[in-house]
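Asker: To start, I am sharing the structure in question, which I have written as structure tokens.
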Amino acid sequence: MEILRIEGLSKIFGSGHLEVRALEDINLSVSEGDLVALLGPSGSGKTTLLLCISLILDPTGGKIVFDGQTIFQKNGWAGVDMRRLRREKIGFIFQSHNLIPFLTARQNVLLPLSLVGLKGEKAESRVRELLEQMEIADRADYLPALLSGGEQQRVAIARALANNAKLILADEPTASLDTARGVKVMGLLKKIAKENQSAVIAVSHDERMIEGFDYVYRLKDGRIVGEKTNSTLN
Ligand SMILES: Nc1ncnc2c1ncn2[C@@H]1O[C@H](COP(=O)(O)OP(=O)(O)OP(=O)(O)O)[C@@H](O)[C@H]1O
Ligand SMILES: [Mg+2]
């Protein structure tokens, strides 16, 4: 089942001689459970694309259909409660500064659950389960500052997965990790996403991190210039 469709998406920053065409004519279709990688040089539009998909940034043109609902089209917003949609259906993993520093690992993962009204033992057991899946349960009561970079990133992934988001957007989730830890973190993300049938769109600079992904798209100057599926990956 298709979870996300993007048609002719564009994003222009600024105007006149300061104009930057960050995205041009992006077309993309993502189905439930798909693992999609976005590769491309610095400045090619990867972060802009993730931010447009979650409507944190307003696209300039094109169309976005999410979970069967048109959430953006050329002539403006489609009157969708995007905050609610983000809370309930989209998980975001940022490159760094992910966690709320004064909340423990457990409380950070609990937060998105309380935002949708899940509380008490049900919420607590969901958090325990996620922290166990991410192999970080023994650090549940630590503040982020006392965790290693890889541990923090695993907590951030647990948080993004907490609400069984249908779509996980990950902007270089392993950038702050060494290769071995990065591969491990990506492995856990892939495994749980497949189990939940969540689609993942992950940005990476490092091809080793995206082994086993179903689709790989390459961005250059705001355009998709290459596309590969699993069978043609090497
Ligand atoms: N708020 C903004 N205002 C003006 N230009 C912007 C803004 N945000 C991004 N850009 C420009 O849009 C282009 C795409 O930026 P983007 O951050 O999406 O690149 P990226 O592929 O994520 O790069 P990196 O790998 O370095 O993170 C760049 O030329 C950037 O300078
Ligand atoms: Mg970026």
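Asker: With respect to the numbered conditions (1) in a helix (DSSP H, G or I); (2) crowded, with 16+ Cβ neighbours inside 10 Å, which one is the sole condition not fulfilled by Ala202?
Answerer: Among (1) in a helix (DSSP H, G or I); (2) crowded, with 16+ Cβ neighbours inside 10 Å, Ala202 violates only (1).
Asker: Also, quick follow-up: Could you list all residues from segment 4-41 that are assigned to a loop (DSSP other than H, G, I, E, B) and touching a residue at least 24 places away in the same chain (Cβ under 8 Å)?
Answerer: Of everything in segment 4-41, those that are assigned to a loop (DSSP other than H, G, I, E, B) and touching a residue at least 24 places away in the same chain (Cβ under 8 Å) turn out to be Glu32, Gly33, Asp34, Gly40, Pro41.
Asker: Within the group Ile12, Ile56, Ile26, which residue is within 14 Å of ligand 2 (Cβ to nearest atom) and either within 21 Å of Ala199 (Cα to Cα) or aliphatic (A, V, I, L, M) (or both)?
Answerer: When all the criteria are applied, what remains is Ile56.
Asker: Next question, about the same structure. Which condition from (1) under 19 Å from Gln153 (Cα atoms); (2) among the aliphatic types (A, V, I, L, M); (3) away from ligand 2 (no atom under 15 Å from the Cβ) is the one that Ile201 breaks?
Answerer: (3)
Asker: Related question: Taking segment 67-103, which residues are part of a strand (DSSP E or B) and surrounded by fewer than 16 Cβ atoms within 10 Å (Cβ to Cβ)?
Answerer: Gln69, Thr70, Gln73, Gly76, Trp77
All of the numbers you see were taken from the coordinates with simple rules; none came from a lab. It should be emphasised that the depicted structure is a prediction, and the values quoted were computed from it without experimental measurement. Cβ coordinates were reconstructed from backbone atoms using ideal geometry, including for glycine residues, and neighbour counts include every protein chain displayed.
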